Amino acid sequence: MADQLLSDARGTSVDVSFIMAAHDAAPWIEMAVRSALAQTGVAVEVVAVDDGSRDGTGTVLARLAEADRRVRVISLAGAGPGSPRGPSSARNAALDAARGRWIAILDADDLILPDRSRSLLDLALAADADIVADNPIPFTDVFDPRGPGMMEGGREPYLFEIDLAKYIACNQLLRPGTKLGYLKPMIRAETLNRHKIRYDEGVRIGEDFLLCLEALAAGARFVVTSDAGYGYRRGPTSLSHRLRQADIARLEAAFAARAEHGRLAEARARSAEIRHGSRAYRDGLAMMRMMAQVIEAAQAGRWIQGAALALRHPRMWQSLAATLLEAAGKRLRPRLHALPIGQR
């Protein structure tokens, strides 16, 4: 059965299409959608994909779509109540339906400030960028737009450019520092379509990282501002906080396939820095998978098995300690240095 388009916004010129994958997001999704619709100075649409929700998410989306034709709702083919296909499949369905000149990723439990889209579009124009992003502000229950962002701030806002080598290096799991894969970018639709870039539907974590990785390997220019406009909800419902061995293994396989074939493989052949970063990234994934194995063993009551695995890998505890210190605000992360806006 084809994806069923429930509502649309025909006949409009759209600057930014917000693509939103939604599974059991009823408590938050209205706030997320309304924050996108409240963008100033740009024409927007929200393409929301209900991925097998059981909690009334589809009902909330249908009501929002009825009230505002800029909301377009897709019921994901092959997904059933309690049997989601995953965020990559949902985002691909949204991408295929999107009409905007720019694609903005917005999670169903997050929100954005009203001037975010206009500010990022202005940045893209000034920097001749294909991908732009800002500094996410983590929150749990109450969003404070003046709260600290994930990236270290300075006295003045700053910009920096991310190339492929830096993007890989700054996404190594268990390494202290800001993980650039957590940024929620806006991407030129033409860049994605020209290079036939889509989400890897076998991946449930790290899907945005892989998408941007493909775009950078295809020659896209990625510029980030330290200004904050995206509210990133942290909590037990976030997929990034529920790491499982199987999900990490899928991400490992997807990255390995790209490292051996295609654009990333070609970049690795040209650059020792990218080869080194790719090896370090894969090592980090392997360590994270072992940590997940220890945690899952402990949760299942297999304490001896978990302890034996942990004792065989002392580096695991060093990485865990560094991560916990960083989370406690020990400022272990390295500063991301600003680059002149014209520097490539």
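The values are calculated or read from the model by the stated rules, or taken from the named source; none is laboratory data. Because the structure is predicted, anything quoted here is derived from the model rather than measured. Virtual Cβ from ideal backbone geometry, glycine too; neighbours counted across all protein chains shown. Protein only, heavy atoms only, side chains kept; ligands, DNA and RNA dropped before computing areas. Shrake-Rupley method; radii C 1.70, N 1.55, O 1.52, S 1.80 Å.
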Task: Test for Gly284: is it outside any loop (DSSP other than H, G, I, E, B), over 18 Å from Leu211 (Cβ atoms) and either at pLDDT 95 or above or open to solvent by less than 30 Å² (accessible area, probe 1.4 Å) (or both) - done: yes
- [ ] Name, by its number, the condition in (1) farther than 26 Å from Leu251 by Cβ; (2) among the charged types (D, E, K, R); (3) surrounded by fewer than 19 Cβ atoms within 10 Å (Cβ to Cβ) that does not hold for Glu161.
- [x] (1)
TODO: Those residues that are modelled with pLDDT under 95 and either more than 22 Å from Tyr199 (Cα to Cα) or touching a Phe, Trp or Tyr at 6+ places or on another chain (Cβ under 7 Å) (or both), I need them from segment 29-57; list them, please.
DONE: Arg54, Asp55, Gly56
Open item on the list: Can you pull out every residue in segment 266-277 that is among the small types (Gly, Ala, Ser) and crowded, with 16+ Cβ neighbours inside 10 Å?
Closed with: Ala267, Gly277
Task: Per-region count, segment 225-234, residues closer than 17 Å to Asp122 by Cα and either part of a loop (DSSP other than H, G, I, E, B) or more than 14 Å from the chain's Cα centre (by Cα) (or both) - done: 5
Open item on the list: Criterion first (in contact with a Cys (Cβ under 9 Å, 6 or more places away or on another chain) and either surrounded by 21 or more Cβ atoms within 10 Å (Cβ to Cβ) or part of a helix (DSSP H, G or I) (or both)) does Tyr167 satisfy it?
Closed with: yes
TODO: Please work out which one of (1) buried (at least 24 other Cβ atoms within 10 Å of the Cβ); (2) among the basic types (Lys, Arg); (3) more than 20 Å from the chain's Cα centre (by Cα) is the condition Arg116 fails and give its number.
DONE: (3)
TODO: State all residues of segment 189-214 that are surrounded by 19 or more Cβ atoms within 10 Å (Cβ to Cβ), on the phi < 0 side of the Ramachandran plot and not in a helix (DSSP H, G or I); if no residue qualifies, say none.
DONE: Ile197, Tyr199, Asp200, Val203, Arg204, Ile205
Task: Any chance Ala308 is more than 26 Å from the chain's Cα centre (by Cα), modelled with pLDDT of 55 or more, open to solvent by less than 80 Å² (accessible area, probe 1.4 Å) and among the small types (Gly, Ala, Ser) - done: yes
